[in-house]
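Single-structure report; data block below.
The values are calculated or read from the model by the stated rules, or taken from the named source; none is laboratory data. From a predicted model like this one, the values you see are computed outputs, not experimental measurements. As a convention, Cβ positions derive from the backbone with ideal geometry for all residues, glycine included, and neighbour counts pool all protein chains shown. Calculation scope for accessible area: heavy atoms of the full protein, side chains included, ligands and nucleic acids excluded. Shrake-Rupley method; radii C 1.70, N 1.55, O 1.52, S 1.80 Å.
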Amino acid sequence: MPSRESGPASDSRPEPASDPAASGEPPRWRRRKDARPQEIVAAAMEIFADRGFAAARLEEVAARAGVSKGTLYLYFPSKEELFKAVIRAAILPNLQQAEALVASAGGPCFPVLERLLRMVARLIATTRMAVIPRLVIAEAGNFPELAAFYHREVIRRGFGVLGGLLRRGMESGEFRPMELDPSVRLIVAPLLMSAVWRTSFDGVDGEPPMDVAALVEVHIDNLRRILLRDAGSQTGRAGAGEDAP
């Protein structure tokens with residue numbers, strides 16, 4: 001089994017005493033202490049993105065965050081727990097936004113699907129959160145607990161949002177009948193590929209950066225012809241005629 005870093009139960013570095021009333025200064029240390037978990041998570045995101053999960057050292061994270069390793073362990077008892085916190089901070093707020101969008105949207109479903117796909121494309125293209133799926137995939141065999149956590153907290157919830165939207169579109173007659181699970185996976189696949197490609201191959205051997213926005217627009221156009229009942233029927237008849245031997 002892979003070794004796991006664990007640490008002391010308390011910070012070995014004493015907290016400096018402060019008397020804001022005597023100094024006339026605001027209690028900045030208290031605000032600094034409250035901000036530490038977020039600062040540690042932000043530093044961990046950078047270290048994990050640069051080094052990978054297995055190679056990352058908590059000493060590096062602590063140094064990047066400007067705290068002692070003992071302070072880091074006050075908030076995160078292991079590297080696995082810190083990685084889970086990175087996932088929660090980077091991905092779950094966006095999942096919650098997607099859930100709220102689908103729950104509150106009325107009218108046709110396809111415009112909601114477009115907004116979801118463009119939102120994910122923007123995150124992949126402009127933030128470091130795109131590295132998380134690649135890290136989970138790379139470490140899933142050695143750290144099955146992390147893979148299970150990611151599946152439970154991210155994949156299952158994301159698939160549920162998308163599957164619910166597709167089901168609603170079918171029930172309203174907007175979308176043609178389809179098998180939900182494979183349809184959800186096929187819609188997600190180009191997004192996952194974009195995240196892995198961007199964080200693995202951009203710049204390698206002169207490879208230009210992937211235009212994630214352009215890829216997603218093509219994906220949306222294809223889905224419009226496939227999912228919408230009328231367009232899907234026409235595309236299906238034409239495709240069957242062209243592919244027939």
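Worth pointing out:
- Förster radius 35 Å - calculated FRET efficiency between Arg36 and Leu95, Cβ distance, rounded to 0.05: 0.90
- Were the residues from Ile220 through Arg88 laid out at 0.36 nm apart, the gain over their Cα-Cα distance would be 44.7 nm.
- Reduced Cα scattering model of segment 110-190, Debye log10 I(q)/I(0), q = 0.16, 0.20, 0.24 Å⁻¹: -0.71, -1.00, -1.22
- Measuring nothing but protein heavy atoms, the accessible surface of segment 126-170 at 1.4 Å probe radius is 59 percent carbon and sulfur.
- Of the GluC sites (Glu not before Pro) found in segment 147-194, the ones in coil according to DSSP and having at most 15 other Cβ atoms within 10 Å of their Cβ are Glu179.
- With the simple model of a label 7 Å out from the Cα in the direction of the Cβ, Glu81 to Asp230 spans 5.7 nm.
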